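A.B. asks: Please read through the structure below; I'll follow up with questions.
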Amino acid sequence: MSKGQPVDQIRAAAAAGQVSFGESRLQEAIAKQAQLADVEPLDWHFIGRLQANKVRPVLRHFATVHSLDSLELARRMARIAAEENLSPAVFCQVKLRPDPAKTGFEPEALRACWPELRALAPLRIEGLMTIAPQGLERAERQALFADCAALARDLGLRELSMGMSGDWPEAAAAGSTWVRIGSGLFGARPPN
Ligand SMILES: *Cc1c(COP(=O)(O)O)cnc(C)c1O
């Protein structure tokens, strides 16, 4: 996760072989992408709350979106992706434990709309994304990540976006395919 990090840090990581970068603020990301246009090919992931009115620019600037959190948003994304002739990779964000700070599909809600979601061409729904609530014990995080992996398996999804600097070892042990490490790689984010 390169959100909040200056372009020089991304350039250094890219020189060391890192290709995929996650950003959560659209304007910041667009500015950085423009400054990094000479570094090819970078693979940009949008990982943050996605407002309906930002769908078009997000799809234009990111090949992958990790934060699809409602059927309504999915329908809108599919319509706009078709208009833009894009087929974005998408992760459904799931909320496996109560967490007032986070959005996401609850598992039963996701299962209920799954037949429609999976058919929403040209979206390519590849996996699930989850964020562990603050303050869980290690064993609780292990259980949460295992639940996410089991749900993905049930739905036939191969990719799992889970794990941040503070909990990536448990996420990786549970089968994460995309750990989202920010401060653990780049150091603390500079203040805004
Ligand atoms: C910022 C962020 C991360 C990275 O967090 P770190 O603790 O710095 O590794 C991962 N996932 C999401 C959704 C984020 O917003």
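The values are calculated or read from the model by the stated rules, or taken from the named source; none is laboratory data. Note that this is a predicted model, so its numbers are computed, not measured. Cβ atoms come from the backbone with ideal geometry, glycine included; neighbour counts cover every protein chain shown. For accessibility, only protein heavy atoms count, side chains too; no ligands or nucleic acids. Shrake-Rupley method; radii C 1.70, N 1.55, O 1.52, S 1.80 Å.
A.B. asks: Projecting each Cα onto the charge dipole of the chain (Lys/Arg +1, Asp/Glu -1 at the beta carbon, about the Cα centre), which of 149, 58, 21 comes out farthest on the positive side?
C.D. replies: Result: 58.
A.B. asks: Can you classify the range 27-135 as rounded, prolate or oblate using the Cα gyration tensor, where a ≥ b ≥ c are the square roots of its eigenvalues, rounded means a/c under 1.5, and otherwise it's prolate if a/b beats b/c and oblate if not? Intermediate values should be presented prior to the final figure.
C.D. replies: Working: a/c = 2.19, a/b = 1.35, b/c = 1.63.
Since a/c reaches 1.5 but b/c is at least a/b, the shape of the range 27-135 is classed as oblate.
A.B. asks: Still on this structure, I have one more. Keeping all protein chains in position, work out how much accessible area residue 185 exposes to a 1.4 Å probe, and write it in Å² to the nearest 10.
C.D. replies: 120
A.B. asks: Considering amide H positions built from the backbone, and no H for Pro or chain starts, which residues 5 or more places from residue 68, or on another chain, come under 5 Å of its amide H?
C.D. replies: Those qualifying (amide H under 5 Å, at least 5 residues apart or on another chain) are 91, 93.
A.B. asks: Would you mind telling me the share, in percent, of accessible area of the chain contributed by carbon and sulfur at probe 1.4 angstrom?
C.D. replies: On the way: 4880 of 9610 Å².
Exposed carbon and sulfur together represent 51 percent of the surface.
A.B. asks: Assign one of three labels to the range 64-124, namely rounded, prolate or oblate, based on the Cα gyration tensor with a ≥ b ≥ c the square roots of its eigenvalues; rounded applies when a/c is under 1.5, prolate when it is not and a/b is larger than b/c, and oblate otherwise. Mind dumping the intermediate values first?
C.D. replies: Details: a/c = 2.62, a/b = 1.80, b/c = 1.46.
In terms of gyration-tensor shape, prolate.
A.B. asks: What number comes out for accessible area per residue over the chain if the probe is 1.4 Å? Units Å², please. Mind showing how you got there, number by number?
C.D. replies: Values: 9610 Å² over 192 residues.
Ligands and nucleic acids excluded, the result is 50 Å² per residue.
A.B. asks: Take the alpha carbon atoms of the range 24-43, find their center, do the same for the range 55-113, and report the distance between the two centers in whole angstrom.
C.D. replies: A separation of 21 Å, based on Cα centres.
A.B. asks: So what is the 222 nm mean residue ellipticity for the chain from helices alone, if each DSSP H run of at least 4 adds -39500 (n - 2.57) and you divide by all residues, rounding to the nearest 500 deg cm²/dmol?
C.D. replies: Details: 8 runs with 80 residues, N = 192.
Using -39500 (n - 2.57) per qualifying helix, the result is -12000 deg cm²/dmol.
A.B. asks: Could you list the trypsin sites (Lys or Arg not before Pro) in the range 143-181 that lie in coil according to DSSP, counting only those with at most 13 other Cβ atoms within 10 Å of their Cβ?
C.D. replies: Numbers: sites: 153, 158, 180; in loops: 158, 180.
Of the trypsin sites (Lys or Arg not before Pro), the ones in loops of the range 143-181 whose Cβ has at most 13 other Cβ atoms within 10 Å are 158.
A.B. asks: Which whole-Hz couplings ³J(HN,Hα) result when phi for each residue of the range 96-112 is put into the Karplus expression 6.51 cos²θ - 1.76 cosθ + 1.60, θ = phi - 60°, listed in order with x for Gly and Pro?
C.D. replies: After applying 6.51 cos²θ - 1.76 cosθ + 1.60, I find 9, 9, x, 7, x, 7, 10, 9, x, 6, 6, x, 5, 5, 5, 4, 5 Hz.
A.B. asks: Here is a further query. So how strong a dipole does the chain carry about its Cα centre when Lys and Arg Cβ are +1 and Asp and Glu Cβ are -1, to the nearest 20 debye?
C.D. replies: On the way: 23 positive and 22 negative charges, 63 e Å.
That gives the chain a dipole magnitude of about 300 debye.
A.B. asks: Something else now. Tell me the relative contact order for the chain as a rounded percent, counting alpha carbon contacts under 8 Å between residues six or more apart. Display every interim value, and only then the final one.
C.D. replies: Working: 314 pairs, mean separation 33.1, N = 192.
Answer for the chain is 17 percent.
A.B. asks: A follow-up question, please. With contacts defined as alpha carbon pairs under 8 Å and 6 or more residues apart, what's the relative contact order of the range 29-115 in percent? Intermediate values should be presented prior to the final figure.
C.D. replies: On the way: 95 pairs, mean separation 20.9, N = 87.
Over the range 29-115, the number comes to 24 percent.
A.B. asks: Please label the shape of the chain as rounded, prolate or oblate, based on the square roots a ≥ b ≥ c of the eigenvalues of the alpha-carbon gyration tensor (a/c under 1.5 means rounded; beyond that, a/b larger than b/c means prolate, else oblate). Numbers along the way, then the final one.
C.D. replies: Values: a/c = 1.81, a/b = 1.12, b/c = 1.62.
Oblate shape, in that a/c is at least 1.5 and b/c is the bigger or equal ratio.
A.B. asks: Another question, if that's okay. How far, in nm, would the chain grow between residue 181 and residue 164 when pulled straight, counting 0.36 nm per residue and subtracting the alpha carbon separation? Provide the component values of the computation, followed by the final result.
C.D. replies: Details: separation 17, 0.36 × 17 = 6.12 nm, distance 0.48 nm.
So the extension gain works out to 5.6 nm.
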